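Heads up, the thing below is written out as structure tokens.
The values are calculated or read from the model by the stated rules, or taken from the named source; none is laboratory data. Here the structure is a predicted model, which is why all the values come from computation and not from measurement. So basically every Cβ, Gly included, is an ideal-geometry build from the backbone, and we count neighbours across all protein chains shown. When the accessible area is computed, the model is the full protein with side chains, heavy atoms only, and any ligands, DNA or RNA have been set aside. Shrake-Rupley method; radii C 1.70, N 1.55, O 1.52, S 1.80 Å.
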Amino acid sequence: MLTISDNKHYLLEDGKPFFWLGDTGWLIFGNLTEDEAYTYLRNRAEKGFNVIQAVLIYSTEGMETVNRMHWGAAGIYKTKEYWEHVDRIIKMADDLGLYMALLPSWGSLLKTNVITEENILDYGIFLASRYKDYSNIIWVLGGDIKAETDDFQNIYRKLGTYLKSATPDKLITFHPFGRCSSTMWFPEDDWLDFNMFQSGHRRYDQCNLGAWDDTDNPSYYGEDNWKYVIHDQSISNKPVLDAEPSYEWIIQGLHDSSEPYWTAKHVRRYAYWSVLAGACGHTYGDNSVMQFYTGGYDGVSYGVVCNWDEAIHHEGSGQMHFLKDIMQSVDFINGKPDDSLLLSGQKEKHERIAVFAGGSFLIAYDYLGNDFTLDTHNYTGRNMWWISPVTGVKSYIGKCSSDSFTAKKFAKVEGDDTDRVLLIK
């Protein structure tokens, strides 16, 4: 059972620290057979993921659909067979030690009036009745939507309040539109247990692209996803995480095929930056995997480079657990971001050095491999390692022996994997 830590910043599982390591498997129910779902879920479980974000209803009649299952198109959601299929996949995930972070619907169903304030409670009653006894469910309202109208907020408040009363043992959150956070609409709502933001898929220079997913949100941070963590914790005393950063192998900015792709080095940076800013975990995503792409059907693409069964092996997905391992090796529940330890001063954008520390440990993430100096006077006598976020290899430095430590510029002969982690404990 998942609960919130006493300091309100982290999650606990049966009273012990729980580091959320999620994957966006949005369309698993509509696009995978049960054998395929097992392959995907086992792949993720063996890589250290513990949460799968998935949507129950993505599209309905009259809407563009990405469903490719044998029992039909959007109308599957009315069938007994579909929900039994969902049940079996959720049970499969539970057997593999995975939580399912379930979105009752994608946000588009509110925009098209498929889901309304008049019928949302009927759907909530159906979900609560069907899944109240499942132990591996987290409710995620929203689904890539700005709840900026009173009608939308009323719908989500009605559903959230009901699910909290009917399934009190399950945590509830909200997945927002790109470059937005749940704190924009529900900062103090009692039914919402922790916050999510979607830092999205744009670079620093891609604030406005003249596309459908532009937003007038004044808190546009570009690639600085760590700023959402700081912002959200300043206005809502709840755990928070990046539920949708840039996906591995998706076009930067989504829309222009001439733009480069986000790759493993980028998704690592988003993960370390947000977690070391105080997030309660992180969600990874791969463009092909999130839609379970096989070609031959309508819907999302954004420059997919391969089918999902190849994409599950992309290197970024195998590197996320190194961050989880590092965090679980220390008392992260009682840690905090601490730029004051940077004697060389904090820098901007890609030159940022993320520092997270507690009384018995210090973690620093350096994306570019540049020089930096840390105040280590509280850590003398403790062991020090360099850790590769690419391979997970720990390289022992020795014991901390002075009041400061200077990391020399990282010499890299080949490639561009310059990021590194310093661990003192």
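Quick look at the numbers
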| item | result |
| --- | --- |
| For the range 336-342, 3J(HN,Hα) per residue [Karplus equation, 6.51 cos²θ - 1.76 cosθ + 1.60, θ = phi - 60°, Hz, x = Gly/Pro] | 7, x, 8, 5, 5, 7, 7 |
| Angle in degrees between helix 226-235 and the longest Cα principal axis of the chain, rounded to the nearest 10 | 70 |
| Ranked order, 231, 201, 377 - accessible area, probe 1.4 Å, largest first | 377, 231, 201 |
| Heavy-atom accessible area order for 348, 148, 84, largest first, 1.4 Å probe | 348, 148, 84 |
| Cut-off 10 Å between beta-carbons: net charge of the residues surrounding residue 224, Lys and Arg +1, Asp and Glu -1 | +1 |
| Degrees separating the helix 150-166 axis from the principal Cα axis of the chain, which is the longest one | 90 |
| Of all accessible heavy-atom area on the chain, the percent that carbon and sulfur account for (1.4 Å) | 49 |
| Relative packing of peptides 91-98, 360-367 - highest average C-beta neighbours within 10 Å first | 360-367, 91-98 |
| Förster radius 45 Å - calculated FRET efficiency between residue 373 and residue 1 (Cβ-Cβ, nearest 0.05) | 0.55 |
| Which of 159, 209 is most accessible, then next, and so on - probe 1.4 Å | 209, 159 |
| Theoretical gain in end-to-end length, residue 294 to residue 403 [0.36 nm per residue, Cα-Cα removed] | 33.7 nm |
| Eligible lysines near residue 164 by straight Cα distance, threshold 21 Å, same-chain separation 8 or greater | 8, 132, 238 |
| Crossing angle, helix 264-275 versus the chain [Cα axis fit, 0-90 degrees, rounded to tens] | 80 |
| Residue-wise HN-Hα coupling along the range 385-400, computed from phi with Karplus coefficients 6.51, -1.76, 1.60 (Hz; x: Gly, Pro) | 9, 8, 10, 7, x, 7, 10, x, 5, 9, 10, 5, 8, x, 8, 5 |
| Accessible area of residue 349 in the full protein assembly, 1.4 Å probe (Å², nearest 10) | 110 |
| Proximal lysines to residue 347, defined as alpha-carbon separation beneath 24 angstrom and excluding residues fewer than eight positions away on the same chain | 227, 265, 336, 408, 409, 412 |
| Computed magnitude of the charge dipole of the chain (debye, nearest 20; Cβ of K, R +1, Cβ of D, E -1) | 1100 |
| Amide H contacts of residue 18 (H built 1.01 Å from N, under 5 Å, at least 5 apart or other chain) | 11, 12, 13 |
| Distance (nanometres) between label positions extended 7 Å along Cα→Cβ at residue 39 and residue 348 | 4.7 |
| The range 361-425 - convex hull of the alpha-carbon atoms, volume per residue in Å³ | 76 |
| For a label point 7 Å along the Cα-to-beta-carbon line of residue 340, residues of the range 354-369 with backbone N under 18 Å | 354-364 |
| Accessible area per residue, Å², the chain with all protein chains present, probe 1.4 Å | 38 |
| Expected 222 nm ellipticity per residue - DSSP helices of 4 or more, -39500 (n - 2.57), all of the chain, to 500 | -7500 deg cm²/dmol |
| Whole-number percent relative contact order across the chain, with pairs defined as alpha carbons under 8 Å at least 6 apart | 13 |
| DSSP bridge pairs, the chain: antiparallel proportion in percent, nearest 5 | 60 |
| Nearest-10 value in Å² for the accessible area of residue 333, using the 1.4 Å probe | 20 |
| Options 311, 267, 335, ranked by Cα towards positive dipole end of the range 213-336, top entry (Cβ charges) | 335 |
| Heavy atoms of residue 125: accessible area, 1.4 Å probe, square angstrom to 10 | 80 |
| Farthest toward positive dipole pole in the chain [+1 Lys/Arg, -1 Asp/Glu at C-beta], among 230, 124, 285 | 230 |
